[in-house]
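This report concerns only the one structure given below.
The values are calculated or read from the model by the stated rules, or taken from the named source; none is laboratory data. This structure is a prediction, so every number in the text was calculated from the model and none was measured. So basically every Cβ, Gly included, is an ideal-geometry build from the backbone, and we count neighbours across all protein chains shown. Heads up: the accessible areas ignore ligands, DNA and RNA and are worked out on the full protein's heavy atoms, side chains in. Shrake-Rupley method; radii C 1.70, N 1.55, O 1.52, S 1.80 Å.
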2 protein chains.
Amino acid sequence: MLHIIGIGLSDETDITVKGLDIVRRVDRVYLEAYTSILLVDRCVLENFYGRDVIIADREMVECDDNQILQDAKTLDVAFLVVGDPFGATTHTDLVLRARKLNIRVSSVPNASILSAIGATGLQLYNFGQTVSMVFFTETWMPASFYDRIKENRDSGLHTLVLLDIKVKEQSLENMARGRKIYEEPRYMTVSQCALQMLAIDEKKTVIGEGGIYNEESLAVGAARVGSKTEKFICGTLKQLCHVDEALGKPLHSLVLLGQRTHELECEYLKEFAVDQDEWVKIWTRDYSGKS
Amino acid sequence: MLHIIGIGLSDETDITVKGLDIVRRVDRVYLEAYTSILLVDRCVLENFYGRDVIIADREMVECDDNQILQDAKTLDVAFLVVGDPFGATTHTDLVLRARKLNIRVSSVPNASILSAIGATGLQLYNFGQTVSMVFFTETWMPASFYDRIKENRDSGLHTLVLLDIKVKEQSLENMARGRKIYEEPRYMTVSQCALQMLAIDEKKTVIGEGGIYNEESLAVGAARVGSKTEKFICGTLKQLCHVDEALGKPLHSLVLLGQRTHELECEYLKEFAVDQDEWVKIWTRDYSGKS
């Protein structure tokens, strides 16, 4: 049987009691380590679980002849996923493979950034679709997120922006030469995201398709959501271009506000504002009662 | 200190190890029992935690002179919430009250229906805003959900519909007479929801505002998401009007599909279809490549 187990967002104690019971009795334990990361190292998990944990990179999980599913018809295999089991497409794909091999599948849910972001005080039913922001390069600045944000903002909805992580990536040169040498992991920060968002708006404005948001649009930067060191800073997109030091270590996420807001949200967030007066001024001018 | 702790979706073992540690050492433990319910009774929780658990109904939580926060500046109080701590507006309100009293607040996230619904195989980034469906009465059939679904479907997005629960409700007569007699709890089912959705579409069609969805729109009925007896049934809205027996006990939820779909979603869901041929036929005709 394949057990897909969410292990939550921050440390080894975020696993549920149900999940831990399973991890302690299965035959093999894998940790999916490329769509997100925990804030602690594998050895901390291994000590806590009392089990060896095999790191499953993208290659291993997406490979057709999948070692994870080997003998899983008779043995029990745990596949640990940071956050909730079904946050990433990859995992539904793994279930489909298992079904084809007649391997039974169970899953244990856990906290996901999609709901934990409620700790900002923003009402979860006022969120539209979630978007992803990737690291831009000189030649690659994908802007599809902009259209999604437009859809959300047209309905007055907040947008959660999930930020790129690069784990076990090869440089183009190493890839071309077939060298399995990997770059240092990189995690996008709130300020990098805010800068990229404004850059795309500028490009769109040039061709007459901009103005979905601007430097004065309100947003919330979030760091290490769900952990003891969770931190929120809110302000204009321009202000959020300079908050990385204050937010601290990864992982970061960003929420761009929609106009369908509630006074409670303003009050709740004010405590986290870069500049409380500015926050309330722009909220009152552009958000309150505007949807 | 006030600790707001998510306890997950189904039974006593869905609490995280971190959450359980806190519950076992605080001075008082409350369980919020009116915005959602666990599938097990309070006494099961009390046995598992080794603690008395005080049931907090709406009156207690929303009351200004709040016993939950009493002495919480010096004592530790745990406030348990089914699912994730910030799923309901009420709880941000409680945090704001605590802040005013200079009581420190921490929260422990957990699984929420908003992310656990990913177990249907539907991609979570293709969901728009979440809506709620209340029990209609002869004189009260609120249709605001319809406009929200329209916004989601205009962008091709899925809609999660959360279904009403009535816990500790008074009849109008008992309320009028000030008698604290409460009705049996009621939980809306998938079929009740599908029927109400079609009824509103019919009304809207009469005034020329209908057609956002129809009897042949595809949807997924979900029961006891996140538990060992989790069950999904998918089909047209018309088919879902007759699936309550097959789905079984509460809690139920429903997802109305948007057209921005992925072939993996079709394949994943087919296994749960009332009629697999019909499912694939309508998917191919109305959904695949239509966004």
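For the chain pair B and A, buried accessible area totals roughly 4400 Å², probe 1.4 Å, rounded to the nearest 100. Positive contributions from Lys and Arg (+1) and negative ones from Asp and Glu (-1), summed over other residues with Cβ under 12 Å from the Cβ of residue B:191, come out at -1.
Under 13 Å from the Cβ of residue A:75, count the other residues' Cβ atoms, weight Lys and Arg +1, Asp and Glu -1, and hand me the total. Mind dumping the intermediate values first?
Details: positive: A:25, A:28, A:73, A:104; negative: A:27, A:71, A:76.
Value of the local net charge: +1.
Once the gyration tensor of the Cα atoms in segment B:2-111 is diagonalised, the equivalent ellipsoid follows with semi-axes of 20, 15, 13 Å, ordered largest first. Which residues does the label zone of residue B:104 cover in segment A:214-244, counting backbone N under 20 Å from a point 7 Å along Cα→Cβ? Under 20 Å, as judged by backbone N against the label point of residue B:104, lie A:223-233 of segment A:214-244.
In segment A:60-87, burial by the other protein chains removes 20 Å² or more of accessible area from A:84, A:86, A:87, compared with the chain on its own (1.4 Å probe, ligands and nucleic acids ignored).
Comparing A:144, A:36, A:112 in a Gaussian network model of chain A (Cα springs below 10 Å), the most mobile by mean-square fluctuation is A:144.
Hydrodynamic radius of segment B:141-263 by the Kirkwood approach over all distinct alpha-carbon pairs: 15.8 Å.
Only Cα pairs under 8 Å and 6+ residues apart enter the sum, and on that basis the relative contact order of segment A:114-287 stands at 24 percent. In this simple spin-label model, placing a label point 7 Å from the Cα along the Cα-to-Cβ direction at both residue B:184 and residue B:228 gives a separation of 2.7 nm.
Hey, what did segment A:61-126 get for relative contact order, percent, Cα under 8 Å, at least 6 apart? If you can, show how the numbers build up before the last one.
Details: 34 pairs, mean separation 21.1, N = 66.
Relative contact order here is 32 percent.
Charged neighbours of residue A:136, selected by a Cβ distance under 12 Å, balance to -1 (K, R count +1; D, E count -1). Potential lengthening of the chain between residue B:275 and residue B:199 amounts to 25.0 nm, from the contour at 0.36 nm per residue minus the alpha-carbon distance. Over all distinct Cα-Cα pairs of chain B, the Kirkwood formula returns a hydrodynamic radius of 20.6 Å.
Send over the Kirkwood Rh of the protein assembly as shown, from the inverse of the averaged 1/r over different Cα pairs, rounded to one decimal Å. Display every interim value, and only then the final one.
On the way: mean 1/r = 0.0402 Å⁻¹.
About 24.9 Å, per the Kirkwood formula over Cα pairs.
If you average the sequence gap of Cα pairs under 8 Å that are 6 or more apart and divide by the length of chain A, what percent do you get for the contact order? Relative contact order, chain A: 17 percent. Between residue A:264 and residue A:143, the modelled label-to-label distance comes to 3.8 nm, taking each label 7 Å out from Cα in the direction of the beta carbon.
How far is helix A:144-154 tilted off the main Cα axis of chain A, in degrees rounded to 10, range 0 to 90? Its long axis makes an angle of about 60 degrees. Computed from the Cβ-Cβ distance with R0 of 51 Å, the FRET efficiency linking residue A:27 to residue B:286 stands at 0.70. Looking at chain B as a GNM with Cα springs under 10 Å, which of B:96, B:114, B:254 has the largest mean-square fluctuation? Fluctuation is largest for B:96.
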